[in-house]
Structure formats: structure tokens, C-alpha cells
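The structure appears right after this line, and notes come after that.
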Amino acid sequence: MGVPKGRRRIVVAVATLLALGAVAAVGYRVLAPAEVVTPARGALPPPVTPAIGVVGRLPVAPLIVEGRLRVYAAQRQVYADRPADSRHRVTPHWSYRRWPAQVNGVLASGSTVLTRWSDGKLVALDGRTGKVAWRADGPAPGAGFAARRTGARVVWDPQGIFVASGADGRTVLVVSGDGRLRGYALADGRELWRADGDAGCRTDLGTTADGRVATLDACATPAAVEFRDVATGAVLTRWRPPVAGAEPVVTPIGCLTPRSQCRGLRTAAPGDAAGRGWLLGPGEPVPAPTLDAGDSTLVGEIAVGDDGGVLKGWAARTGKERWRRGDLGRVRVLAIEPGRVHVLTEGRDLVTLDPTTGAQRSRFPLTVGQDGIGWVPGLAYAADGYLAVERLRERAGPDDDDQAYFLMAEPVVLAAT
């Protein structure tokens with residue numbers, strides 16, 4: 001005896017609805033916003049003093065946290081491994097994932113790892129355990145994972161996130177996006193201040209060593225650099241760079257981390273290879289001619305740069321020569337950190353100098369195994385005595401895909417200096 005046609009239609013309809021419901025449930029579980037925290041299970045090892053020389057090579061760019069572990073970024077994940085001097089990348093010590101947002105920037109300050117996401121969410125992680133310390137909403141960055149496969153642009157040169165210390169010693173996180181500035185207490189994520197402006201003409205520059213936030217206001221005629229108090233957001237100084245054109249290019253230099261706690265600026269007219277160097281401090285910037293050259297840098301109060309094939313150090317405020325090194329040949333400054341300036345020779349030796357005296361702290365070939373010296377440096381980073389640098393193919397161009405751009409599958413070389 002068959003099932004009546006009307007009842008059969010009802011059964012089919014119910015089955016269809018159940019199937020659609022199941023598909024919807026699976027789709028929601030897969031596509032719905034999610035956060036996955038995988039905290040560390042074991043304790044961190046004690047700090048070590050690594051042997052001077054090349055540590056190893058890595059497929060991705062590391063951030064060194066407290067000299068004890070390394071933090072990396074992928075499109076939707078931030079994770080860490082340990083110890084900092086491991087030859088290769090190893091099993092994650094902790095991991096943090098979000099979906100569907102993408103990692104836009106990562107910044108380490110002390111033991112805190114601050115992550116910024118494409119939806120504007122700010123998530124601070126305890127760098128030792130990977131646990132979430134706090135979450136906050138910030139200005140949306142307008143971009144996702146803006147980096148090649150090493151992730152170096154996201155961890156070594158993050159855009160729109162800076163830190164500085166206020167007059168009371170409290171560390172403040174500054175976040176920018178779409179013309180808006182926000183200040184947060186790094187300890188707990190509490191919003192301290194906000195300032196809004198025209199996204200078409202406000203450019204964030206970074207923070208200064210004396211606790212100010214610098215932005216370029218190109219809507220003003222002529223353009224002006226605004227310096228705000230990092231703790232309150234109040235404008236302290238407006239400075240108009242002289243002889244830099246209607247739309248000057250302003251670049252922070254001498255920064256403790258990318259565009260954070262910077263000690264100088266370089267201003268130039270659009271298209272100029274060089275410009276004018278300035279020292280930052282209370283009030284308006286002070287001219288520093290030793291920083292005019294585009295390849296010069298600032299380490300504390302010492303300007304370092306090439307002078308006709310001779311590497312020199314000058315007192316930035318007086319211009320007095322402090323030291324010179326004519327024995328290195330042509331070199332390229334890869335990175336700086338307190339008490340160290342890291343330079344690369346044409347023969348691919350990594351030489352680390354004391355910026356105050358020019359004395360050599362270490363020197364060794366920046367090579368791994370049989371990799372050779374047929375490469376050019378890309379982005380570089382230094383912290384806690386470690387240096388990491390991307391190795392690019394000698395003919396690599398900005399439009400090349402990653403395979404043609406990087407030297408090999410593990411293009412990042414890590415060294416202890």
C-alpha cells in the first residue's frame with residue numbers, strides 16, 4: 001500500500017528543510033566569526049646568552065620577545081615558538097586565531113604582544129602564555145594581511161600601531177586608521193583619548209622618545225606636523241617643516257621599534273632622494289645636518305652614515321665626528337637597537353658595532369650552509385641582540401611572485417650578535 005501523494009509531499013518537504021537546516025548549521029560553524037586560543041602548556045625556558053653567529057634560517061619573520069621566544073604572523077593566526085635561538089621553527093608554544101578577520105599588524109612591548117586585525121579589533125596577548133589579556137575596538141585599518149609569505153611587513157613594519165611612555169611612565173598604545181587616532185593604556189586596553197580628522201590629509205608618523213604622537217596635517221597650508229601628548233591626545237606643538245614643499249615627505253628615524261619612540265625626523269620635498277634631518281625633543285625639532293643623507297640613521301644621540309665609503313659616527317646635536325671605520329668597505333645599515341648598529345658588507349659579513357665608539361662587537365659571515373652570498377637584503381629587524389633579515393634574489397622586483405622574489409623556501413636568516 002503506497003503513501004498518499006499529499007503525505008509524500010509533506011515528507012519530502014520536511015526532509016528538505018531538515019537537510020537545509022543541517023547545511024546551514026555546518027555553514028555557520030565553518031563561516032561564523034570565531035576565536036581559537038591555544039595557550040602554552042609548559043613554562044618558558046630561562047633566558048639564554050646565545051653563541052655569537054648565525055642561529056639558523058626560518059620560513060617566516062620572527063619578533064623576539066624578552067629574548068626568550070619568537071612570535072610570528074600568518075593571515076589569520078599569531079603564534080610563538082621557543083627558545084629564541086632554536087635553529088629552525090618548531091612546534092608552537094602558543095597560538096591565537098581569529099576568523100574571518102585577518103592579521104594587519106603585530107607589535108611587541110615588554111611581555112605584551114599586541115595584535116591588530118582587519119576588522120579593527122585590538123587583541124593583546126600575554127607573550128609568555130598566549131592568553132588574551134584584553135580586547136578593544138579600534139579604528140579599522142582598511143587592509144588585511146598586507147605582507148608576503150614571510151609576514152615581515154606585518155611584524156617588522158606594522159602600520160598604524162605605535163607605543164610610547166607618558167610622563168607618568170605608563171605605556172600607551174596609539175592606533176590610527178581612516179583619519180582617526182586612539183590612545184589606549186597598554187596594560188588593560190582602556191581607551192584614554194581619541195582625536196578625529198580628515199583621512200585624506202592626515203598621515204600618522206609615529207611616537208617620539210619623549211612621549212608625543214606625531215602626525216602630518218597636509219590640509220594645512222603649508223603642511224604642518226602636529227605633536228600630541230601621548231597620555232591625553234592634546235596638541236602640544238604644530239611645526240611647519242621649512243623648504244619641504246606644499247606636501248612634504250616626513251620620515252621618522254632613530255626609532256626603538258618601527259615608528260615608535262623615535263628620536264629624529266627627515267623631511268623632503270616629493271621626489272627628493274635626500275632631505276633635511278631633525279632631532280626631536282621638547283618643542284620644535286632641531287636641525288641635524290648629519291642626518292640629511294637618506295641612508296643615514298640615528299642610534300640614541302649618534303648619527304651613523306656612509307661618507308665616501310667610510311662609515312662614520314657623529315654627535316647628532318653638534319655634528320662633531322666621534323669615530324670612523326674605513327676598514328669595512330661599502331656597507332649597508334640593516335637595523336639598529338640600543339647599543340648596537342648592524343651593518344652588512346659587500347661580502348655578506350654581518351658586522352655589529354657600538355654606535356657610541358664604533359668598536360666592533362662581532363663579525364661573521366651571514367650565510368647558512370651552502371646558501372652562498374648571491375642575495376640582497378630585504379626587510380630586517382633587530383632586538384635583544386638578535387638580528388633577522390629577509391634574503392631576496394639578486395634580480396627580484398616588487399612585482400615578482402614570492403617564488404621569484406625570495407632566495408629560497410626559508411629566506412629569513414636569524415643571527416645572534
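The test for being within 18 Å of L334 (Cα to Cα), free of Cβ contacts under 8 Å to residues at least 40 places away in the same chain, among the aliphatic types (A, V, I, L, M) and open to solvent by less than 50 Å² (accessible area, probe 1.4 Å) does not hold for V389. Selection of segment 93-117 for residues being farther than 28 Å from P45 by Cβ, among the aromatic types (F, W, Y) and buried (at least 21 other Cβ atoms within 10 Å of the Cβ) yields only W117. Take the conditions (1) of a type outside the set (F, W, Y); (2) touching a residue at least 60 places away in the same chain (Cβ under 8 Å); (3) touching a strand residue (DSSP E or B) at 6+ places or on another chain (Cβ under 7 Å); (4) open to solvent by 10 Å² or more (accessible area, probe 1.4 Å); D204 misses just one of them, which is (2).
So that you can scan it fast, the table gives a plain yes or no per residue for (1) more than 16 Å from V154 (Cα to Cα); (2) in a loop (DSSP other than H, G, I, E, B); (3) acidic (D, E); (4) free of Cβ contacts under 8 Å to residues at least 24 places away in the same chain:
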residue	(1), (2), (3), (4)
E35	yes, no, yes, no
P45	yes, yes, no, no
T49	yes, yes, no, yes
V54	yes, no, no, no
R57	yes, no, no, no
V60	no, yes, no, no
Y72	no, no, no, no
Q75	no, yes, no, no
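Just one of the numbered conditions (1) assigned to a strand (DSSP E or B); (2) modelled with pLDDT of 95 or more is not true of D400: (1). Any residue in segment 393-408 that is charged (D, E, K, R) and surrounded by 16 or more Cβ atoms within 10 Å (Cβ to Cβ)? Checked segment 393-408: at least one residue is charged (D, E, K, R) and surrounded by 16 or more Cβ atoms within 10 Å (Cβ to Cβ). The set of residues from segment 332-362 being in a strand (DSSP E or B), more than 20 Å from the chain's Cα centre (by Cα) and closer than 15 Å to I52 by Cβ comprises D349, L350, V351, T352, L353, Q360, R361, S362. Among the residues of segment 118-128, none qualifies, meaning not one is within 22 Å of V389 (Cα to Cα), of a type outside the set (S, T, Y), touching a residue at least 12 places away in the same chain (Cβ under 8 Å) and open to solvent by 20 Å² or more (accessible area, probe 1.4 Å). Once segment 301-316 is narrowed to residues that are closer than 25 Å to T208 by Cα and assigned to a loop (DSSP other than H, G, I, E, B), the residue that is most open to solvent (accessible area, probe 1.4 Å) is E301. Among the residues of segment 127-160, those identified as out of contact with any Ser or Thr (no Cβ under 8 Å at 6 or more places or on another chain), in a loop (DSSP other than H, G, I, E, B), more than 22 Å from R182 (Cβ to Cβ) and not basic (K, R) are T129, A147, T150, G151, W156. Looking only at residues of segment 213-232 that are open to solvent by 10 Å² or more (accessible area, probe 1.4 Å) and in contact (Cβ under 8 Å) with a residue 40 or more places away in the chain, we find that the one that is farthest from the chain's Cα centre (by Cα) is T232.
Kindly evaluate T257 against the criterion of being modelled with pLDDT of 95 or more and closer than 29 Å to D126 by Cβ. Judged against the criteria, T257 is not a match.
When you go through L279, L265, L256, L298 one by one, which is the residue that is open to solvent by 50 Å² or more (accessible area, probe 1.4 Å) and of a type in the set (A, V, I, L, M, F, W, C)? Give the steps one after another, and end with the answer.
Working: L279 fails: open to solvent by 50 Å² or more (accessible area, probe 1.4 Å); L265 fails: open to solvent by 50 Å² or more (accessible area, probe 1.4 Å); L298 fails: open to solvent by 50 Å² or more (accessible area, probe 1.4 Å).
Residue meeting the stated conditions: L256.
In the list G369, G329, G374, G319, which residue meets the criterion of being within 22 Å of A51 (Cα to Cα) and either outside any strand (DSSP E or B) or open to solvent by 50 Å² or more (accessible area, probe 1.4 Å) (or both)? Only one candidate passes the filter, namely G369.
From the list P338, P242, the lone residue that is within 20 Å of F162 (Cβ to Cβ) and exposed (fewer than 15 other Cβ atoms within 10 Å of the Cβ) is P338. Selection of segment 178-194 for residues being buried (at least 21 other Cβ atoms within 10 Å of the Cβ) and either at positive phi or in contact (Cβ under 8 Å) with a residue 60 or more places away in the chain (or both) yields Y184, L186.
Is it true that R89 is outside any strand (DSSP E or B), within 23 Å of D371 (Cβ to Cβ) and not polar (S, T, N, Q)? It is true that R89 is outside any strand (DSSP E or B), within 23 Å of D371 (Cβ to Cβ) and not polar (S, T, N, Q).
The values are calculated or read from the model by the stated rules, or taken from the named source; none is laboratory data. Being a predicted model, the structure only gives us computed values, none of them experimental. All Cβ positions, glycine included, derive from the backbone under ideal geometry; neighbour counts span all protein chains shown. SASA here: full protein model, heavy atoms, side chains in, ligands and nucleic acids out. Shrake-Rupley method; radii C 1.70, N 1.55, O 1.52, S 1.80 Å.
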